[in-house]
Amino acid sequence: MHHVKAELGDALKVNWRFFPLDQVNSTEGPEWKLWEQPAKYRSRGRAAFLAAIAARKQGEEAFARFHFALLQAKHASSEDHGERSVHLKAAREARLDMDVFERDLEDQAGMPQIGVDYEEARDRYGAFGTPTFVFPNGEAAYLKIHAEAPAEEAVPFFREFVRTAAHRPHISEIKRPPKPDPAPA
């Protein structure tokens with residue numbers, strides 16, 4: 001999404017919402033809610049959400065920079081996105097006000113929003129995983145990718161995805177079977 005947003009700019013509106021996979025994968029039962037757990041509850045997702053909330057308090061541009069830095073840490077560098085040190089590193093890379101960020105990391109007031117976002121995504125759009133894209137026409141689609149498309153392919157691929165997912169609701173799933181390992185030489 002980074003390359004797509006960079007090229008399309010204001011023509012693409014992205015509204016990142018919370019969708020805790022800890023909630024989706026919980027074995028605690030339907031009454032258990034991640035966003036209602038005490039501050040000491042250990043969850044990579046919960047910690048990352050609090051960091052995102054803290055970053056967003058510094059504005060949408062600051063949040064976008066932080067979000068990209070955190071995704072890079074998780075996916076490109078295989079760092080634990082639930083660790084405070086990774087949040088601090090991403091915040092520095094995003095050029096956030098570090099004193100404000102560290103103070104806001106302790107604020108639990110944003111936790112209910114995680115529940116609001118999760119329940120809306122689940123109940124209104126049938127979301128079950130991330131990322132789920134919701135298009136202006138109300139259609140939604142989950143897209144699993146292994147890595148971001150190369151910069152030169154990002155926008156053409158995204159346009160094809162939107163054309164297919166948003167405008168062809170009769171297509172419900174495209175799944176690539178795993179390739180067999182090549183025989184040893």
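A few points about this structure:
- Any chance GLN58 is polar (S, T, N, Q), touching a helix residue (DSSP H, G or I) at 6+ places or on another chain (Cβ under 9 Å) and over 30 Å from GLU160 (Cα atoms): yes
- Among the residues here, PHE133 qualifies as surrounded by 15 or more Cβ atoms within 10 Å (Cβ to Cβ), assigned to a strand (DSSP E or B) and of a type in the set (Phe, Trp, Tyr).
- Test for ALA141: is it part of a helix (DSSP H, G or I), of a type in the set (A, V, I, L, M, F, W, C) and without any contact (Cβ under 8 Å) to a residue 60 or more places away in the chain: no
Yes/no per residue for (1) under 28 Å from GLU153 (Cβ atoms); (2) at pLDDT below 90; (3) over 18 Å from the mean Cα position of the chain (by Cα); (4) not in a helix (DSSP H, G or I):
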site	(1), (2), (3), (4)
VAL4	yes, yes, no, no
GLU7	yes, yes, yes, no
ASP10	yes, yes, yes, no
GLU31	no, no, yes, yes
ARG42	no, yes, yes, yes
ARG46	no, no, no, no
LEU50	no, no, no, no
ILE53	no, no, no, no
GLU61	yes, no, no, no
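- Filtered residue count, region 117-130, keeping only those that are closer than 22 Å to HIS75 by Cβ and either part of a strand (DSSP E or B) or among the charged types (D, E, K, R) (or both): 1
- Matching residues, region 161-176, being more than 19 Å from the chain's Cα centre (by Cα), part of a helix (DSSP H, G or I) and surrounded by 11 or more Cβ atoms within 10 Å (Cβ to Cβ): THR164, ALA166, HIS167
- Residues that are small (Gly, Ala, Ser) and under 17 Å from the mean Cα position of the chain (by Cα), drawn from region 107-140: GLY110, GLY115, ALA121, GLY126, ALA127, GLY129, ALA140
- Selected residue (criterion: surrounded by the most Cβ atoms within 10 Å (Cβ to Cβ)) from residues of region 107-116 that are touching a residue at least 24 places away in the same chain (Cβ under 8 Å) and outside any helix (DSSP H, G or I): GLY110
- Every residue from region 63-106 that is more than 17 Å from the chain's Cα centre (by Cα) and of a type in the set (Asp, Glu): GLU93, ASP97, ASP99, GLU102, ASP104, GLU106
- Residues of region 74-98 that are of a type in the set (Gly, Ala, Ser), crowded, with 16+ Cβ neighbours inside 10 Å and modelled with pLDDT under 95: GLY82 alone.
- Unmet criterion (only one of (1) within 16 Å of the chain's Cα centre (by Cα); (2) exposed (fewer than 15 other Cβ atoms within 10 Å of the Cβ); (3) part of a loop (DSSP other than H, G, I, E, B)) for PHE18: (2)
- Taking region 136-160 as the range and being over 21 Å from HIS75 (Cβ atoms) and either of a type in the set (Val, Ile, Thr) or surrounded by 12 or more Cβ atoms within 10 Å (Cβ to Cβ) (or both) as the test, the residues that pass are GLU139, ALA140, ARG159.
The values are calculated or read from the model by the stated rules, or taken from the named source; none is laboratory data. Since the model is a prediction, treat every value here as computed from it, not as a measurement. We place every Cβ from the backbone using ideal geometry, glycine too, and count neighbours over all the protein chains shown.
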